[in-house]
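This report refers to the structure that appears directly beneath it.
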């Protein structure tokens with residue numbers, strides 16, 4: 001899966017949400033471009049996160065849907081649940097300043113950052129413990145090899 005910076009995702013989302021009917025892309029091209037499977041895109045559609053235009057059985061993704069996908073992938077990459085991502089996407093108002101959406105996004109991001117920092121501290125502690133244990137094992141092996 002391609003990593004998208006938060007600034008990139010928000011900038012393209014802002015531009016694309018205001019556009020309509022321009023630059024449609026087929027599901028395979030979109031999947032390849034973003035490093036996800038066709039099944040992933042269909043899953044996001046089933047969950048109401050994406051809503052591609054249909055021409056027969058062909059799914060066509062607008063710039064708006066591509067921007068939504070970037071935001072979904074960014075959200076997943078930083079640990080948001082699909083439910084949280086959907087809540088943020090659903091707050092978008094095409095004719096508004098989206099202040100509420102931005103406030104909620106900031107609030108959720110601050111909480112997620114706190115969770116990630118706690119996880120990192122736990123991981124750092126586990127790494128230190130593992131390194132200490134490995135040091136003891138190495139020392140014992142060296143002692144036994146010397147005898």
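The values are calculated or read from the model by the stated rules, or taken from the named source; none is laboratory data. Everything numeric in this text was worked out from a predicted model, so none of it was measured. Cβ coordinates were reconstructed from backbone atoms using ideal geometry, including for glycine residues, and neighbour counts include every protein chain displayed.
Just one of (1) assigned to a helix (DSSP H, G or I); (2) under 30 Å from residue 120 (Cα atoms); (3) at pLDDT below 95; (4) outside the structural domain of residue 116 (by TED's automatic domain parsing) fails for residue 64. It is (2). Number of residues in segment 90-107 that are touching a helix residue (DSSP H, G or I) at 6+ places or on another chain (Cβ under 6 Å) and assigned to a helix (DSSP H, G or I): the value is 1.
Given the residues 50, 41, 73, which is the only one that is in contact with a strand residue (DSSP E or B) (Cβ under 9 Å, 6 or more places away or on another chain), crowded, with 16+ Cβ neighbours inside 10 Å and in a helix (DSSP H, G or I)? Walk me through how you get there before you give the answer.
Details: 50 fails: in a helix (DSSP H, G or I); 73 fails: in contact with a strand residue (DSSP E or B) (Cβ under 9 Å, 6 or more places away or on another chain).
Checking each option against the conditions leaves just 41.
Would you confirm whether any residue within segment 123-144 is assigned to a helix (DSSP H, G or I), in contact with a helix residue (DSSP H, G or I) (Cβ under 8 Å, 6 or more places away or on another chain) and either surrounded by 10 or more Cβ atoms within 10 Å (Cβ to Cβ) or in contact (Cβ under 8 Å) with a residue 12 or more places away in the chain (or both)? No, that holds for no residue. Output yes when any residue across segment 83-97 is at pLDDT 90 or above, under 30 Å from residue 28 (Cβ atoms), exposed (fewer than 12 other Cβ atoms within 10 Å of the Cβ) and within 13 Å of the chain's Cα centre (by Cα), and no when none is. Scanning segment 83-97 turns up at least one residue that is at pLDDT 90 or above, under 30 Å from residue 28 (Cβ atoms), exposed (fewer than 12 other Cβ atoms within 10 Å of the Cβ) and within 13 Å of the chain's Cα centre (by Cα).
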